Every structure is written in structure tokens, then in C-alpha cells.
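Read the structure below first, then the notes.
The values are calculated or read from the model by the stated rules, or taken from the named source; none is laboratory data. No experiment lies behind these values; they were computed from the predicted model shown. Using ideal geometry, Cβ is built from the backbone for each residue, glycine included, and neighbour counts are taken over all protein chains shown. These accessible areas exclude ligands, DNA and RNA; they are computed on the full protein's heavy atoms, side chains included. Shrake-Rupley method; radii C 1.70, N 1.55, O 1.52, S 1.80 Å.
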Protein chains: 2
Amino acid sequence: MDKLVNNLKEALKAAGIKDGATLSFHHHMRNGDYVLNMTLAAAAELGVKDLTVNASAIFPVHAPLIDLIKQGVVTSLECNYMSGPVGEAISQGILDKPVIFRTHGGRPADIASGQFPIDIAVIAAPAADKMGNISGKFGPSQCGSLGYAFADAEFADQVIAVTDHLMPYPLVEYSIPETQVNYVVQVDKIGDPKGIVSGTTKITRDPIGLLMAQYATQVIEASPYYQDGMSFQTGAGGASLATAAFLKDRMLERGIKGSYGMGGITSYLVDMLEAGCFESLVDVQCFDLGAVESIRTNPKHREVSALHYAAPRPAVASSLVDNLDFVILGATEMDKNFNVNVHTNSQGVIMGGSGGHSDTAAGAKLAMIIAPLTRARMPLILDQVTCLSTPGETIDILVTQYGIAVNPRREDLIQALSASKLPLRSIEDLQKTAEDLVGKPKPLPHGDKVVGQVRYRTGEIISEIYQLN
Amino acid sequence: MDKLVNNLKEALKAAGIKDGATLSFHHHMRNGDYVLNMTLAAAAELGVKDLTVNASAIFPVHAPLIDLIKQGVVTSLECNYMSGPVGEAISQGILDKPVIFRTHGGRPADIASGQFPIDIAVIAAPAADKMGNISGKFGPSQCGSLGYAFADAEFADQVIAVTDHLMPYPLVEYSIPETQVNYVVQVDKIGDPKGIVSGTTKITRDPIGLLMAQYATQVIEASPYYQDGMSFQTGAGGASLATAAFLKDRMLERGIKGSYGMGGITSYLVDMLEAGCFESLVDVQCFDLGAVESIRTNPKHREVSALHYAAPRPAVASSLVDNLDFVILGATEMDKNFNVNVHTNSQGVIMGGSGGHSDTAAGAKLAMIIAPLTRARMPLILDQVTCLSTPGETIDILVTQYGIAVNPRREDLIQALSASKLPLRSIEDLQKTAEDLVGKPKPLPHGDKVVGQVRYRTGEIISEIYQLN
């Protein structure tokens, strides 16, 4: 007995694809992903129309979506992050319905709730057996964790695994079990390894980035949460990685033993694990080959579902963000209330999304934004963010190269950091510095049509993104 | 943030226990389990009545259930297996409603379907952290796999973890994630290690058992499924273990490389894994310390949920029994149609249950019963089994010390085994031999009251168990 079918068209037919169906995808193949495109091409060949695509993220490689939208094959789009040509086209208004933007924790919560059912989940499977036991840890397209795909596999009506590496049954080191998988399709390649994980991720050499990373490290050290058992998340950006590298040295010097590092995982966090800075790593996504190697071989480096990573109650009893001490995040815009925009750039073009931004900010005891005070002659801090991605009441500290602003809500942190030599300033003061440098931008004109809705992790629509003018 | 509550009474109150609630339990603590008893004692102290207890199995240690039934605290019982005083008392008719007997695959399928909702699942947790990440692999009460508890944790409305070994957060080598667990209770001891796992499991020294094990091994070797990639399950009984030991030697001699060993796992199967007879072990329950050590340290020895082990479609897309080649099972009674009773003894007293018996028989290409032709002066083979546990159409071969009967449905196997020197006989012929030895028993008189219903893995009631006369 096996679940192998000859090709994606057969699998989609067997899974009952029809006009109006919802298909889901995960983004561990990142900008190397072939599976979303080949699946939707197969659906188009079958003559199916009016599909909803619920993808955990959309990357530049997914540009073929634009034509499928124009042809009416795809008429609805949901994701947690969107960069590249699709974001630009959506901002131009090519889709009638607004894109639903979720968070990495909100998406699986919505799927689990049954409110947004998935008809067919298509899982890019770096390794699979004939019955659909799936792993991301083996094969030429290995990506490590498959954490974002767990809810899709668990709750979708039908599940198709697409693999380029069929392994003997049973693949016992599976992440997703055969119980959840209906069909297995073998293809030549599910992705371009160069786009899936980086060979290495590198810390910044930019002096501004390094300065901000030093400030960030000092903020952590001066905070009351810098102690044994601390937990920490950072992203894969250059300044964030530099913070991890600096923090590692400081923790080792001081003999601080943390509990867990979290998030999308890079070799820098693996180094911290191996050096004893953390007892464990919890991983929804690997960013480089070092992380993939580690998650495959080290039982203390654990793959977790997006539900476990970041979902809010009551979808889950708790998630890992609830016990997070520190998170380091980015921003394209902020405002005086510490609200953050990570969805659009300063021209209002969609180029990102929450990902785990607002989930971790909500959970962490100290949520810190690191961002340069100006970019491309635009100030970081505006009177009001163009798009509200993460509410300011969940952001505690802003670190820029010109100084550090603590959210006035956090009097305890203001007091703790005042004892340090860090250059503390009000956010209004930082805004003025930015405006002195590059001027105060005029409010961005925009069209009337809503092209995106920002759905907070709890389900509330907190912002709308408008068509470009 | 944590989920610790002071004691079981507080946890039950917090979880909303009330009259008529359904509580579930798993049986990895086996006859060393303290958790079912202490939970129901706490419920009784709270004055709760009319509870349904859905336990994957009931052991002699659970004798206090009898008084709770008499007191009206527990008025409904569901399990996959029941041995000891509770089975005897149920057979005497102490419970008004019949016990629902399920299979190891049918139980999680029923739970997942929502047809038999669990209000509060109580998980005996050999290790847990403050947020309810749970593992069976650590701590003084370690039991290895927690496979039978997965569905309870996933689908119950409220989940309470009871542990005697609180580990630092996060316990990343968890089996059940914090997302599913609402409360954590720390107690002195969740079980008696001597009752949880055996120090060692031993093969039989009984010459009849050894003869049957030799026959069973020869049947496997003569069958068409004895080849590279074969999969195999056996139980923990002496003759079954002897078969595993013999089979290991034969596989090594012949250079046969199997795919997976399955089931409740003993050191004998671990030896086969380590010797290269199998690529992997899949494990819903560990029977001895060697199995616990192996599942903790060997990534090729994988804990699986009962859904993944044995659930039928459509509750799952597939389970491991669907690809099983060989299973070796026991029987207390059989009949000429190869029907099997493993629920009651020859006096009609409840002393067992399906467990995975009918699941694996349904899935395996070759389902073999090993049983002595007579026991305590009673014949194995009757005109009709007292209780139908496993339908004869799923049983292929009966091995006794007096010869081997192949189900006439399996002409292919009759042909394959005829080429061997095995003593093939018809089941009618074996029945006659047994009757010549110990006589033909009179039909067992029984009372009118139904005390148990045997619910097949697909949900169909295939047999009823009556009160003793």
C-alpha cells in the first residue's frame, strides 16, 4: 500500500480540487521554492478558477502568482509575509479582495479554529516516504524545521506531500506523520537549494549596525531579565546577528546560562547553544546550513510547530512566546506610540509582514526594535505609521544609532537602564533628530481601495493597506 | 508564567470537573500506576458523581475503582484492556452500563472523531516542565513512549499533567507539547517503577512455548513476506519473545534486512534493531528498561501516537498497521472460523481486551496466533468463541504445539507452507485433538445482563460480554 500518484495534476484531482477551493503552502523553501508555482500551474492546467491561496509567506520567486491572479485562477490571497513582485502588484491593486495578512502565531490559530478551513494543503517535503511521513531534515532540498506546515497538515481536509527525495518506509525521523497525508507526489526538484537556506549567514560589518548591536547587548545586560534561565529570540538580519554574537561573548564572560533560544534559527544561535549559553533551541524555521545540521543531529535543538512557537490563547493552552524574555525585531516605520510597521515601505508598497513580529512582541518581557534612525533619506519615526503591524503597547525599547528610547509605559526599564551609560532619549527627541537630518515627510497619498488587511494574532483587524496612488 | 497548581483537587476544579464528566487516562504506568487512583480519589473528595472513566487500559492496581463504582462516583467505564479485580467485579455486574471495550487504534479514532468527547484528560507524566511540555523518557517513573496519551492530550477539552519530575522549561525533548496542557500538578510519585517497566523481559523456558516459537519462526521463513523490507510486531509474552529471538538469528544468518519492528517494544526488538534486522522501531509503549533507554537515545527508535500506530481510516489517512507484514498474537479462545477471544477467560470472566490485537490482525499481511492447544484442562478451540474480540477473517494462521492451521481463505499461504516440513493441520482437526485431550466443554451458562460491549476498530459492536451466572 502506498499513496504515490504520478504528478501534481493527478494529486489535485484526487484531492478533489474545484473552483473556489482554498490551497495552503508553507515557506520553508523560502526564495528557492518551486512547489507553490508548480502546484498552481497544475491547477491552472486543470482549468480551476477562483482559488484562495493561504501561504505562510510569499517570496520574489512566487512572481508567477501575478499572472494567475490576472487570469482569475487565484482570486484570494492570505499570508504572513510578502516580498518582491507579488507585493508590488498587490499594492498596484491587481486583486479585488484585500490580502489577509496574519502573524506566524495567528495563522495556525485561525486554521485550528476551523474558521478558515483549508481544502488542500500542499507540503513541500524535502524527504518523504511512500505513505507520507515527511521530514525537512534530509535530501537535496533539506530545510530543517517544517514548523509552519504542521497546522496545515493537521487541519486541512486533504494533504499532498511533494518531494524530490523518497526515502524507505517508514521514515521514522518524520516531522509530519502519514496519518495526516493523503497523497505523495515525487518531482525532480522541490526547490533551489541556494534559495532555501544560506550557506552561511553573516553579521553586519556596517559600523552603524555594529553600534546598534552593542547598544542592544548593553540594554539586555542592564535589564532585570539578564540572568540564568533567560530566553532570547533574534532574527537573521545583520545587526540582529551581531547582537547574538556580542551577547554570546558577554554571557560566557559572565557565566549566564540561558534556557532557550528561539525563532528562525541561524548558526549564531547554534553556536550559542553549543557554547552553553542556552540549554536548548526551539525552531520553526532554519535559516542556514549550520542550523539544518544542528536540528538533524542535536536533540536539544527541537523543531516546533508554529502553534507551539507563537499561537495565542485560546487556540493553544500556551506557546513559547509566553515565556520569552528578550526579542530583537526590526521596523520600517515607527511612531511616537512605539507602533511598528513592517508591512510596507516608506512609499506604501507591501514588502514584508508580521511574521512572528507581533507574536513575540506580545509575549516577550523585553521587546526591542533595532533600526537605523533614517533610511534612504526617510525618517524611521513618523507621527503615525503608514500601516500598523505591531501595536506600540507591546514594544518596550527602540535602539537606533542616535540613542535609545524606552516606552514610557515601562518605568521599570527606564529606571533599570538609567543606571547604565546608555544614551537614553525620548522617542519624540529621536523623531526630531531624524527630521533634522532628512526632513519631515508629507503624509503619503494613497488610493481608496483596500488591498491588504492586517489581522492581529487574536483575529482583530488592526490596519488596512491601501492601493498606491 | 506557569501552569502549576497545588494539587489534583485544585487542578480538577480549575479544569471544571462536574457530575457526569468524562475523564481519560493512559496506561503507560501499567500495573505501577498511581495517577488514575489518586485522580479519582480527589474527584470523590470533591463530591463529584456519575463520572465516565475512559482509560486506555485498567490493571490490577486500579482495584479502588470498584468502591468508586459502588459509591456512584464512577458510573461508566471505557477501556481497551482490563485485567485483575476490576474485570472480575465488572463480570459480577457491579456497573449498570456495559463497559465499552475498544481497540488501541479505535480509541484514538473515536476520540478524534468528536463522537466521544473527553472533558478532562489526566496525563501521568514521568517528566514535565512548568508549562506542561511532557516526556515519558526521563525521571524516576520513566516509561519511554507516551503514544496512547497523544489523542487524549490533543482532543480533550482540558488537560492535566501529573508529574513527579519537574524539569526546567522548556523540556524540549517533549512528547506532548504545552499547547495542549492546561494544568501541571507535582506529586511525590506517579507510580511504582517496579510495576511500570520490567527490569528485563524474558523468553519462555517452557518446552511447549519454545516449540511453538520454532514453528512460528518457520512459518515466517516459509511465507512470501520474509524478505528485505519486512515489518514485524510481536508482544511481550514468553513464546512471542522467543519467536523474536529465533527470528533474529535466522534473519542475521540469511542477511534479511527488515524495515520496522513495532508495538509494545521490548529489549528483544531493540536487540534486533541494533543487530541490523530492522532499520527502525516504532513504539507506542515500552515494556522494559532496555526499550526505554533505546527510545531515549536512538533516533531510529521512534515514539508514535496510537493514531499513527493503529487507527483505521477515515480517522487517519493511514497508520503503521496498514504496512505491517507479520504480527504474532495470543488468544484465550478460538473457533473454527479463526475468530479470537482475548477479552474473557474460559469461565467468561473479563481478563483482557483487544489492545492492538484486532488492529494489527486487520492490517498485517500475515496475522498469526500462537497459543497452546489446551490450558488448565480447557481446549483452545471451541465451536464458538465466548466473546468475539478479533474476527477470524483477519487471522491467517494458528500455531499450536500440536500443529499449524492456516485459514482456508489464505490458499496462497497454504501453498507456500505446504512446501515446508511444518505440521499443517486443519483447525477442525486441531479442535478434535484438543477435545480428545481434555474433552469438549459444555456451553458456558451466563446471566442476562450485558456487562461489556466489544467495539471493533471501525466502531461496530461485534460482541457483548454477559454477567456471570
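Overview of results
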{"item": "Hits in the range A:312-350 (condition: in contact (Cβ under 8 Å) with a residue 12 or more places away in the chain, hydrophobic (A, V, I, L, M, F, W, C) and more than 30 Å from A:Leu382 (Cα to Cα))", "result": "A:Ala315, A:Val316, A:Leu320"}
{"item": "Those residues of the range B:405-420 which are polar (S, T, N, Q) and without any contact (Cβ under 8 Å) to a residue 60 or more places away in the chain, in sequence order", "result": "B:Gln415, B:Ser418"}
{"item": "Residues being open to solvent by 30 Å² or more (accessible area, probe 1.4 Å), free of Cβ contacts under 8 Å to residues at least 60 places away in the same chain and outside any helix (DSSP H, G or I) - total across the range B:34-54", "result": "4"}
{"item": "Pair list, Cβ < 7 Å and 6+ apart or interchain, from the range B:255-267 residues that are more than 10 Å from chain A (Cβ to nearest Cβ) to residues that are hydrophobic (A, V, I, L, M, F, W, C) and open to solvent by 10 Å² or more (accessible area, probe 1.4 Å)", "result": "B:Gly261/B:Leu273; B:Gly264/B:Ala236; B:Gly264/B:Phe287; B:Ile265/B:Phe287; B:Thr266/B:Ala236; B:Thr266/B:Phe287"}
{"item": "Condition met for B:Gln115 (out of contact with any His (no Cβ under 7 Å at 6 or more places or on another chain), open to solvent by 50 Å² or more (accessible area, probe 1.4 Å) and either under 23 Å from B:Ser319 (Cα atoms) or acidic (Asp, Glu) (or both))", "result": "yes"}
{"item": "Residue satisfying all of: in the range B:250-269; open to solvent by 10 Å² or more (accessible area, probe 1.4 Å) and not small (Gly, Ala, Ser); nearest to the chain's Cα centre (by Cα) among these", "result": "B:Tyr268"}
{"item": "Flag for A:Val316 being under 26 Å from A:Gly195 (Cα atoms), of a type in the set (A, V, I, L, M) and within 14 Å of chain B (Cβ to nearest Cβ)", "result": "no"}
{"item": "Candidate set: the range B:65-100, residues that are outside any loop (DSSP other than H, G, I, E, B) and within 16 Å of B:His26 (Cβ to Cβ); chosen: the one farthest from the chain's Cα centre (by Cα)", "result": "B:Leu65"}
{"item": "Filter pass, B:Asn323 being open to solvent by less than 20 Å² (accessible area, probe 1.4 Å), within 11 Å of chain A (Cβ to nearest Cβ), out of contact with any helix residue (DSSP H, G or I) (no Cβ under 7 Å at 6 or more places or on another chain) and not charged (D, E, K, R)", "result": "yes"}
{"item": "From B:Ile190, B:Ile196, residue being at pLDDT below 95 and away from chain A (no Cβ under 14 Å)", "result": "B:Ile196"}
{"item": "In the range B:1-33, residue surrounded by the fewest Cβ atoms within 10 Å (Cβ to Cβ) [restricted to those that are within 14 Å of chain A (Cβ to nearest Cβ) and assigned to a helix (DSSP H, G or I)]", "result": "B:Ala14"}
{"item": "Residue count for the range B:133-149, restricted to those that are within 14 Å of chain A (Cβ to nearest Cβ), in contact with a Ser or Thr (Cβ under 9 Å, 6 or more places away or on another chain) and open to solvent by 10 Å² or more (accessible area, probe 1.4 Å)", "result": "1"}
{"item": "Residue within the range B:216-231 that is within 30 Å of A:Leu324 (Cβ to Cβ), of a type in the set (S, T, N, Q) and more than 14 Å from chain A (Cβ to nearest Cβ) present", "result": "no"}
{"item": "Options A:Gly439, A:Gly403; residue that is open to solvent by less than 10 Å² (accessible area, probe 1.4 Å) and either of a type outside the set (A, V, I, L, M, F, W, C) or more than 19 Å from A:Ile208 (Cα to Cα) (or both)", "result": "A:Gly403"}
{"item": "Enumeration of residues in the range A:277-300 that are within 14 Å of chain B (Cβ to nearest Cβ) and of a type in the set (Gly, Ala, Ser)", "result": "A:Ser280, A:Ser294"}
{"item": "Filter result for A:Gly235 (more than 30 Å from B:Leu320 (Cα to Cα), at pLDDT below 95, within 14 Å of another protein chain (Cβ to nearest Cβ) and within 23 Å of the chain's Cα centre (by Cα))", "result": "no"}
{"item": "Residues of the range B:280-293 that turn out to be surrounded by fewer than 24 Cβ atoms within 10 Å (Cβ to Cβ) and in contact (Cβ under 8 Å) with a residue 40 or more places away in the chain, as a count", "result": "3"}
{"item": "Odd one out for A:Lys130 among (1) in a loop (DSSP other than H, G, I, E, B); (2) open to solvent by less than 10 Å² (accessible area, probe 1.4 Å)", "result": "(2)"}
{"item": "Residues within the range A:150-179 that are under 20 Å from A:Leu8 (Cα atoms), within 12 Å of chain B (Cβ to nearest Cβ) and of a type in the set (A, V, I, L, M, F, W, C), tallied", "result": "7"}
{"item": "Residues (touching a residue at least 24 places away in the same chain (Cβ under 8 Å), under 25 Å from A:Gly16 (Cα atoms) and out of contact with any strand residue (DSSP E or B) (no Cβ under 8 Å at 6 or more places or on another chain)) located in the range A:178-199", "result": "A:Glu178, A:Asp188, A:Lys189"}
{"item": "One residue from A:Gly356, A:Gly363 being within 30 Å of B:Lys3 (Cβ to Cβ), buried (at least 22 other Cβ atoms within 10 Å of the Cβ) and within 14 Å of chain B (Cβ to nearest Cβ)", "result": "A:Gly363"}
